[in-house]
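Q: Please see the structure below; I have some questions.
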Amino acid sequence: QVQLVESGGGLVQPGGSLRLSCAASGIAFSNYAMGWYRQAPGKQRELVARIIPGRDSRYADSVKGRFTISGDNAKNTVYLQMNSLRPEDTAVYYCNAYRLVDYWGQGTQVTVSS
């Protein structure tokens with residue numbers, strides 16, 4: 001059974017930082033494309049960042065230079081370091097694992113507000 005469990009969300013002021021974590025179980029972590037998506041109220045879910053084994057990471061234009069995705073194969077965990085947060089980054093952030101099939105975590109709320 002595949003499980004993706006996110007943590008690290010919360011309330012932060014504009015300009016602040018958060019680090020999201022996604023612990024994966026039930027999959028061979030290093031064989032999957034791992035990504036972070038987000039969905040704001042009234043908007044479609046969108047790709048934030050993705051890391052593919054053996055390839056460069058991919059980022060949405062809106063987060064380039066501010067967010068960094070990384071993975072720890074030993075811990076089966078993928079991270080999203082978010083710096084210089086803006087109010088428009090407010091959303092539920094979802095962890096995704098993909099290899100022919102999509103797997104999703106339950107989501108973690110990130111709120112950027114003063």
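Q: Averaged per residue, what accessible surface does the chain expose to a 1.4 Å probe, in Å²?
A: On a per-residue basis, the chain sits at 55 Å².
Q: Could you please state how large a percent of the accessible area of the chain is carbon and sulfur, counting protein chains only and using a 1.4 Å probe?
A: 44
Q: With viscosity set to 1.002 mPa s at 20 °C, what whole-number translational diffusion coefficient in µm²/s follows for segment 12-114 from Stokes-Einstein and a Kirkwood radius over Cα pairs?
A: 155
Q: Please tell me the relative contact order of the chain in percent, rounded to the nearest whole number, where contacts are Cα pairs under 8 Å and at least six residues apart.
A: Dividing the mean separation by the residue count of the chain yields 37 percent.
Q: To continue, here is another question. If R0 is 22 Å, what FRET efficiency do you get for Ala28 and Gln81 from their C-beta distance, rounded to 0.05?
A: Taking R0 as 22 Å, the efficiency between Ala28 and Gln81 is 0.35.
Q: What percent does the relative contact order of segment 1-66 come to when contacts are Cα pairs within less than 8 Å and at least six residues apart?
A: Reported relative contact order: 22 percent.
Q: Evaluate the charge dipole of the chain about its Cα centre and quote only its size in Debye, nearest 20, assuming +1 on the Cβ of each Lys and Arg and -1 on the Cβ of each Asp and Glu.
A: Charge dipole, the chain, about its Cα centre: 120 debye, nearest 20.
Q: Let me ask something additional. Using DSSP to call loops (not H, G, I, E or B), can you name the trypsin sites (Lys or Arg not before Pro) in segment 1-87 whose Cβ has at most 16 other Cβ atoms within 10 angstrom?
A: In loop regions of segment 1-87 (DSSP not H, G, I, E or B), the sparsely surrounded trypsin sites (Lys or Arg not before Pro) are Lys43, Arg45, Arg55, Lys64, Arg66, Lys75.
The values are calculated or read from the model by the stated rules, or taken from the named source; none is laboratory data. Computed from a predicted structure; not experimentally measured. Because the Cβ atoms are built from the backbone with ideal geometry, glycine has one as well, and the counts that use them run over all protein chains shown. Surface areas here come from the heavy atoms of the whole protein model, side chains and all, with no ligands, DNA or RNA. Shrake-Rupley method; radii C 1.70, N 1.55, O 1.52, S 1.80 Å.
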